[in-house]
Amino acid sequence: MKIQRPKQSIIVTLLCLMLIAAGTYRFLYAENSDVMFTAQLRSYFNDTPEFFHECMRKPLGLFTWMGCWATQLFYEPSTGCMFLAAIWAITFIALKQGLRLSGYLAPLALLPFIWLLGEDICKGYDIYTLPATGYMFKDSFVLLFASLVVWLLSAIVGMFFKPQLSIVGKLPEKLRLPLGIVLLAMVGIGGWFYLDNKNFKDEAYHAECKVYRCIDEQRWDDALDIIGTIRCDATRELVIMKNIALLNNGTSGDQMYHYDDFGVLPNTGDTAKVIPMVETSGPLIYLHHGMTNFAKRWAMENSVRYSMNFAFMKVMLMASLADGDLDVAEKYINIFSHTMYY
């Protein structure tokens, strides 16, 4: 049975959208949901006019503000991933329509999605030191806006004439669907290998992200379960957080030596690059050792050097409560009341 031309175009477009969904699920949710949660923890947003004006003083300030707002959705990684995939799907359709790509050349509009996804999963330990906030969504919002503008301009131009890529017009109709499938396979397979190479897969890094959340939420047994099941050498950060968990669940004397205590340096992907622990989990570690002065000091210094984020604010709030500084703690609680989840 002969497939009509519009249906052929729809088939290729739907396959492209399925590839966006599959790539987002595999590389963002399945393999990096812990990193996405850490990304929102290291970001910051509140719904006050002051924060909006602060963002607007930066280049592409509106998109920065939108990115900070959307990054909050990674508190529930599934929600954040679905929202980001929806942005990419709309961007794909807008690019396809705006550039007037025939349905069989639609896979070419997947290239920006592959690049954006690769940039989100390759950060590694840089996630702790990037001064920018909202970067997980900012570039996607910028590309979405640009794509919609191109689509609008294309629609206006199309009212007078309808340009089309000449190669499509020269192809026999029976070859167009196979061409779309072949091009989609090339983009999909090439993009899959590209994303797999960009993905920061260090097991200790992912374990640190998971254990930090467990310690922050005082889920001591969950933290120990994660540390006890890793197959790589434990980093110094994991060793110290393991000790905190053992201390708090009262099993230090029984289980202290059941874990790897070697404490290797983290694999940053660059032998010349060292990430001090005070820039990752240091403030939280100081807090749970009762050293509230050091916890507040490093949380504040890191906020000045990089940027304020939820992780440092939570440490300063808890340290203020522990020290009895209720007026200071009330100020932090008031700030958190203007966020989506906290």
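The values are calculated or read from the model by the stated rules, or taken from the named source; none is laboratory data. Remember, it's a predicted structure, so these values are computed and weren't measured experimentally. All Cβ positions, glycine included, derive from the backbone under ideal geometry; neighbour counts span all protein chains shown. Note: areas computed on protein heavy atoms with side chains; ligands, DNA, RNA excluded. Shrake-Rupley method; radii C 1.70, N 1.55, O 1.52, S 1.80 Å.
Quick notes on this one:
- Met340, Met186, ranked by accessible area, largest first (probe 1.4 Å): Met186, Met340
- Global form of the stretch 17-167, assessed from the alpha-carbon gyration tensor, a/c cut-off 1.5: oblate
- Protection-proxy order for peptides 229-235, 137-143, each taking the mean of Cβ atoms within 10 Å per residue, highest first: 137-143, 229-235
- Restraint check, Lys123/Lys296; Lys123/Lys198; Lys296/Lys331; Lys96/Lys123, Cα-Cα greater than 20 Å: Lys123/Lys296; Lys96/Lys123
- Residue by residue, the stretch 196-205 carries 3J(HN,Hα) couplings of 5, 6, 6, 4, 7, 9, 3, 5, 5, 4 Hz when phi is fed to the Karplus relation 6.51 cos²θ - 1.76 cosθ + 1.60 (θ = phi - 60°); x denotes Gly or Pro.
- Correct option for semi-axes √(5λ) of the Cα gyration tensor in Å [calculated from the coordinates] among (i) 42, 20, 18; (ii) 31, 24, 20; (iii) 45, 25, 14: (iii)
- Shown for the stretch 1-117: the carbon plus sulfur share of the solvent-accessible area, taken with all protein chains present and a 1.4 angstrom probe, equals 69%.
- Distance between the stretch 290-342 and the stretch 39-56 - C-alpha centres, whole angstrom: 16
- Where the chain is the region considered: accessible area per residue in Å², 1.4 Å probe: 50
- Cβ-placed point charges (K, R +1; D, E -1), dipole of the chain about Cα centre in debye, nearest 20: 2240
- Helical content of the chain, expressed as a calculated mean residue ellipticity at 222 nm, amounts to -20500 deg cm²/dmol (DSSP H runs of 4 or more residues, -39,500 (n - 2.57) each, divided by residue number, nearest 500).
- Sequence of Lys58, Lys96, Lys314 from largest to smallest accessible area, 1.4 Å probe: Lys58, Lys314, Lys96
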